[in-house]
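Please read the structure below before turning to the comments.
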Amino acid sequence: MFKNAIVRRPGHSLVNGITSAPELGKPDYGLAIKQHDAYIAALKSCGVEVTVLETDERFPDSCFVEDVAVCTKKFAMIAKPGASSRRGEEKEIIEVIKKFYNNLEYIKEPGTLEGGDVMMVGDHFYIGLSKRTNREGAEQLIEVLEKYGMSGSIVEISEMLHLKSGLAYLEDDVLLVTGEFINILEFKKFNKIMIDEEEIYSANCIRVNDYVLVPAGYPKTKEKIKAAGFKVIVVDTSEYRKVNGGLSCLSLRF
Ligand code: CIR
């Protein structure tokens, strides 16, 4: 069960967020704010208390709070963004994390790690090696997980931005998978829901207590998740998608 979530309001600088899809255009700020409101409302309807942080115009991608920390049952790991324009965002999350956690740990240079590369499955954490998370960062996280009686393992990523760009664990042994992750041996044990190539963005869903949040505009994914027995809440993230952001990156849940 998640009791809490932390989000950060996007700033106007969101239009300058890192993107690999400039053809989608720049985010419309007014719409992004409305979508953020709806996202917060969706989290609340799942029964979590939402802490809303102020905008931070210095960092265009700072609404993607998932990347700057990893929140586990026993400790929070303050991450170390691999993207240079995001370096420093992690310092801005420490104060609020301290309100919820006594045990804080820190990824140290030369390690880099972004929370979007970390997928929690019970007490085990899959860590993607991406352009943002390096082996040193992943190994630091594994060492700390082991210190607290948990475990971690590494998954190599070749195409996706983050591990959770193409994977989502919906609990109850169900894993949403797409693209390069479909045939990975470590995921064989899960009941997999395959995401169609043309709906690839929608692999980034989140299970929050009794519901699965699914991005708007991906009917096949929505139907598959419903058919697997989950209750679904649809949330529009079109403006965040323009800067490679999805449902999971917009919050920390714990
Ligand atoms: C970035 O490239 O860092 C942002 N524009 C998007 C971050 C998305 N985060 C995530 O998938 N966890």
Report task. From 69, 38, grab the single residue that is modelled with pLDDT of 95 or more, out of contact with any His (no Cβ under 9 Å at 6 or more places or on another chain) and within 12 Å of the ligand (Cβ to nearest atom). Result -> 69
Report task. Kindly indicate whether residue 215 is within 16 Å of the ligand (Cβ to nearest atom) and closer than 25 Å to residue 20 by Cβ. Result -> yes
Query - Where residue 252 falls short, out of the listed (1) in contact (Cβ under 8 Å) with a residue 60 or more places away in the chain; (2) away from the ligand (no atom under 16 Å from the Cβ); (3) of a type in the set (A, V, I, L, M) - result: (2)
Report task. Could you tell me which residue of region 113-127 is farthest from residue 169 (Cα to Cα), considering only residues that are buried (at least 21 other Cβ atoms within 10 Å of the Cβ) and among the acidic types (Asp, Glu)? Result -> 114
**Report entry** Criterion: modelled with pLDDT of 95 or more, basic (Lys, Arg) and within 16 Å of the ligand (Cβ to nearest atom) - qualifying residue of 231, 242
**Finding:** 242
Report summary line: residue 120 vs (1) hydrophobic (A, V, I, L, M, F, W, C); (2) within 15 Å of the ligand (Cβ to nearest atom); (3) touching a helix residue (DSSP H, G or I) at 6+ places or on another chain (Cβ under 8 Å): all pass except (3)
Report task. From the list 145, 129, 113, pick out the single residue that is of a type in the set (A, V, I, L, M, F, W, C), at pLDDT 95 or above and within 23 Å of residue 1 (Cβ to Cβ). Result -> 145
**Report entry** Pair list, Cβ under 7 Å, 6 or more apart: region 79-108 residue more than 11 Å from residue 59 (Cβ to Cβ), other residue of a type in the set (Lys, Arg) and surrounded by 22 or more Cβ atoms within 10 Å (Cβ to Cβ)
**Finding:** 82/132; 107/80
Query raised in the report: Here are some residues: 206, 193. Which one is β-branched (Val, Ile, Thr), in contact with a Lys or Arg (Cβ under 8 Å, 6 or more places away or on another chain), under 25 Å from residue 133 (Cα atoms) and crowded, with 17+ Cβ neighbours inside 10 Å?
Result: 206
Report summary line: Flagged pairs (Cβ under 6 angstrom, 6 or more apart or on separate chains; first in region 163-192, under 14 Å from residue 126 (Cα atoms) and within 16 Å of the ligand (Cβ to nearest atom); second modelled with pLDDT under 95 and of a type in the set (A, V, I, L, M)) are 166/160
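Which one is surrounded by the fewest Cβ atoms within 10 Å (Cβ to Cβ) among residues in region 21-52 that are among the small types (Gly, Ala, Ser) and farther than 22 Å from residue 214 by Cβ? Steps first, please.
Taking region 21-52 and keeping what is among the small types (Gly, Ala, Ser), we get 21, 25, 30, 32, 38, 41-42, 45, 47.
Applying the additional criterion that residues be farther than 22 Å from residue 214 by Cβ yields 25, 30.
Working: 25: 11, 30: 9.
Once the filter is applied, the top-ranked residue is 30.
The values are calculated or read from the model by the stated rules, or taken from the named source; none is laboratory data. Please read these numbers as outputs of a predicted model, since none were measured by experiment. For neighbour counting, all protein chains shown are included, and Cβ atoms are generated from backbone atoms with ideal geometry for every residue, glycine included.
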